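Working notes for the structure below.
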Amino acid sequence: MEKDIVIRTAGLTRHYRPGATTVKALDGVDFDVRQGEMVAIMGASGSGKSTLMNILGCLDSPTSGTYELEGTRVDGMSRDRLADIRNRKIGFVFQVFNLLARTSALENVELPLLYDRTDRKLKTRKLAAEALARVGLAERVDHEPSELSGGQQQRVAIARALVSQPPILLADEPTGNLDSRTTVEILDLFRDLNRQGITILLVTHEDDVAAAARRVITLRDGRIISDRRNGEGDR
């Protein structure tokens, strides 16, 4: 694997059997992501984009095919090994902020470090404060979620994803609960983080959100039907 390829999938499938019928959520997905890319993954409901995100985030395993993360093949790993890789390599941002009420922004951001197995566990407050400053909330460290706007709450969630300093950020519909003005602000933040070297994969069904990425992969019925640079035609 080339050094700058951080994600590589080959023949990736994910099948479910909720009853007598097999559902092919992913049906042979092949693509690479290079370090420092910002990629939007698009598709209608049922296209497979959330299933793909779960596998890329080591939250699920494929039925067949291979998945390499920073040169390490992770499909077939045990749950414990997947959890360890997930905690070290990947930050997650979701549509729902999932912040603890009556808990300060700083304490919310500290949470992932409580499970950290490195010496970062010894300096959680410092790292959490730095992560909040990175997303423009240095003056809001003591505020609880109810005292923050929707956009500020999402920034806290992004800081929480960044606090363990992962090289990859996975964002699943991160602007789905935000108004258009706040959406622009959050997308600007993602672009800024990407310019700092973080690889970002952004799941969305909205064209204007996908336009923030430099590359757009479109799924339909579990297959990639388009992989293009923004402003270019389909491959």
query: Looking at the range 90-235, what % of its DSSP beta bridges pair antiparallel, to the nearest 5?
result: 40
- prompt: Remind me, relative contact order of the chain in percent, using alpha carbon pairs under 8 angstrom and six or more residues apart?
  reply: 28
query: Between the helical axis of 180-195 and the dominant principal axis of the chain, each derived from Cα atoms, what acute angle in degrees is found, rounded to the nearest 10?
result: 80
- prompt: Residues with amide H under 5 Å of ASN230's amide H, sequence separation 5 or more or different chain, H placed in the peptide plane at 1.01 Å from N; which?
  reply: ARG215, VAL216
Expected 222 nm ellipticity per residue - DSSP helices of 4 or more, -39500 (n - 2.57), all of the chain, to 500: -8500 deg cm²/dmol
- prompt: Using Cα atoms only, what is the angle between the long axis of helix 79-89 and the major principal axis of the chain, expressed in degrees (0 to 90) to the nearest 10?
  reply: 60
- request: Enumerate the calculated ³J(HN,Hα) couplings along the range 7-12 in order (Karplus 6.51 cos²θ - 1.76 cosθ + 1.60, θ = phi - 60°), each rounded to whole Hz, writing x wherever the residue is Gly or Pro.
  value: 10, 9, 10, 9, x, 5
message: As an exercise, find the ratio Rg/Rh for the range 1-91 from alpha-carbon atoms, using the Kirkwood inverse-distance average for Rh.
response: 0.97
message: Only four residue types carry charge here, +1 at the Cβ of Lys and Arg and -1 at the Cβ of Asp and Glu. Report the dipole size of the range 1-146 about the Cα centre in Debye, rounded to the nearest 20.
response: 280
The range 144-235, Rg to Rh (Cα coordinates; Rh as Kirkwood inverse mean 1/r): 0.99
query: Using the alpha-carbon centroid of each, what span in Å lies between the range 1-31 and the range 123-149?
result: 37
task: Assuming a ≥ b ≥ c are the square roots of the Cα gyration tensor eigenvalues, decide whether the range 84-198 counts as rounded (a/c under 1.5), prolate (otherwise, with a/b larger than b/c) or oblate.
output: oblate
- request: Please grab the % of Cα pairs in the chain that end up more than 26 Å from each other.
  value: 38
task: Return one number: the angle in degrees, 0 to 90 and rounded to the nearest 10, between the long axis of the Cα atoms of helix 124-134 and the longest principal axis of the Cα atoms of the chain.
output: 80
task: Among LEU59, LEU187, LEU69, determine the one that fluctuates most according to a GNM of the chain built with springs between C-alpha atoms less than 10 Å apart.
output: LEU59
task: Pop out the Kirkwood hydrodynamic radius of the range 1-52 from its pairwise C-alpha distances, inverse of mean 1/r, in Å to one decimal.
output: 12.7
statement: For the range 84-202, averaging the sequence separation of alpha carbon pairs under 8 Å that lie six or more residues apart and dividing by its residue count, the contact order in percent is 36
- prompt: If you look for lysine pairs in the chain that are eight or more places apart or on different chains, how many of them have Cα atoms under 21 Å apart?
  reply: 6
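We did not get these values from a lab; they are worked out from the coordinates using the rules stated. No experiment lies behind these values; they were computed from the predicted model shown. Please note: Cβ atoms are built from the backbone with ideal geometry, for glycine as well, and neighbour counts cover all protein chains shown.
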